[in-house]
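The values are calculated or read from the model by the stated rules, or taken from the named source; none is laboratory data. From a predicted model like this one, the values you see are computed outputs, not experimental measurements. Backbone-built Cβ (ideal geometry, glycine too); neighbour counts: all protein chains shown. Accessible surface is based on the protein model in full, side chains and every heavy atom, while ligands, DNA and RNA are left aside. Shrake-Rupley method; radii C 1.70, N 1.55, O 1.52, S 1.80 Å.
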Amino acid sequence: MEKILNVPNHIAIIMDGNGRWAKNQNKPRVFGHKAGANTLRKIMEYCNKIGVTYLTVYAFSTENWKRSQEEVDALMFLFKSYIKSERENLLKNKIRFMVSGREEGVNLSLMEAIKELEEATSKDYEMTLNIAFNYGGRAEITDAVNKILKDGRTSITEEEFSKYLYNDIPDPDFVIRTSGEFRISNFLLWQIAYSEIYITDKYWPDFDEIEMEKAILSYSKRERRFGGRLDVK
Ligand code: IPE
Ligand code: IPE
Ligand code: MG
C-alpha cells in the first residue's frame, strides 16, 4: 500500500450498517451494535497510532429514538457498558473522551457516567474521541441559537457562533460514512461545510484498519480549495 502522506487532523465517521450486518447473519440487530463497538475500539486505536487529533463518531442520533424500545434500550445499555469497559484503554492510550449531544432524554446515571469519564480523561491526552450521542445537527444549531438569545446578543459572527456549539473543536477535515448511504442524516450540519466526504459500501462492523487506510489514501489525493483557487493566493 502507498504511504499515507496526509493524515486528516479531524475525522468524523457515520458508523452505519450494524443492523444490516446482523440481519445478513440472521442475528438480532443488537448483535450488530456489539460488533460495531468492537470496530470503534480498533479504529480509534488506529487513528491514535497514525496521528489523528480528533475522531468524532456518530453513535446515536436525535432521530434514533424512533426505533423499537428494545433496540433503544440495548443501545443505551451498550453505551453505558462501553464507558465502563473502555476506561482503562482510554487512559492508557491517552485518549480524551468527549460526548456531543443533547442531555435531555438521556438517563441520569448514564449522563453521570459520561461526565465522570470526560473529567477523568481530560488531563493528559493526545487524541480526542468525540462521541455524537443523542446528537442532531439541527438540534445543535437550535440549542446554540437559544443560548445566544439567552446571552442577549443582537448580532454574531461565524466564529462566535461556532463557540456556542456543543464542543469547541476544529471542523472535521474528512467525513466517512459506512454502508453505502449517500446522506448526512443530520450529522454535524454546521461543521462539515468544507469537509471531504467518503462513502464505502462496507457495513460498520466490517470496517477495519485496511479500509481506513484506503479512505485516508483517498483523502490524501484530494485537492481542497475552500472556494478559492490554488493558483491564486
Ligand atoms: C448504525 O447502524 C448504528 C446506529 C444508528 C445506532 P444501524 O442500526 O443504523 O444499522 P442499519 O443502517 O439499520 O443497517
Ligand atoms: C445515522 O444512521 C445515525 C448513526 C449512525 C448513529 P441512521 O441509520 O440513523 O440514518 P438513516 O436513518 O439511514 O438516515
Ligand atoms: Mg442505519
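Quick look at the values:
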quantity: So residue 64, is it open to solvent by 20 Å² or more (accessible area, probe 1.4 Å), over 18 Å from residue 15 (Cα atoms) and without any contact (Cβ under 8 Å) to a residue 60 or more places away in the chain; calculated: no
quantity: Residue match in the stretch 148-158 (condition: surrounded by 14 or more Cβ atoms within 10 Å (Cβ to Cβ), at negative phi and of a type in the set (S, T, N, Q)); calculated: no
quantity: Residue among 140, 112, 116, 126 that alone is among the charged types (D, E, K, R) and crowded, with 17+ Cβ neighbours inside 10 Å; calculated: 140
quantity: So residue 49, is it over 19 Å from residue 211 (Cβ atoms), more than 15 Å from ligand 2 (Cβ to nearest atom) and open to solvent by 70 Å² or more (accessible area, probe 1.4 Å); calculated: no
quantity: Residue tally, condition hydroxyl-bearing (Ser, Thr, Tyr) and within 22 Å of residue 61 (Cα to Cα), over the stretch 137-165; calculated: 3
quantity: Residue tally, condition open to solvent by 70 Å² or more (accessible area, probe 1.4 Å) and within 16 Å of the chain's Cα centre (by Cα), over the stretch 89-109; calculated: 1
quantity: Extreme residue, nearest to residue 165 (Cα to Cα), among residues of the stretch 185-233 that are among the β-branched types (Val, Ile, Thr) and open to solvent by less than 20 Å² (accessible area, probe 1.4 Å); calculated: 216
quantity: Checking residue 86 against (1) open to solvent by 10 Å² or more (accessible area, probe 1.4 Å); (2) closer than 20 Å to residue 209 by Cβ; (3) out of contact with any strand residue (DSSP E or B) (no Cβ under 7 Å at 6 or more places or on another chain), the condition it does not meet; calculated: (1)
quantity: Failed criterion for residue 39 (all others in (1) within 16 Å of ligand 2 (Cβ to nearest atom); (2) open to solvent by 20 Å² or more (accessible area, probe 1.4 Å); (3) out of contact with any strand residue (DSSP E or B) (no Cβ under 7 Å at 6 or more places or on another chain) hold); calculated: (2)
quantity: Residues of the stretch 190-218 satisfying the condition of being of a type in the set (A, V, I, L, M, F, W, C), in contact with a helix residue (DSSP H, G or I) (Cβ under 7 Å, 6 or more places away or on another chain) and in a loop (DSSP other than H, G, I, E, B); calculated: 190, 207
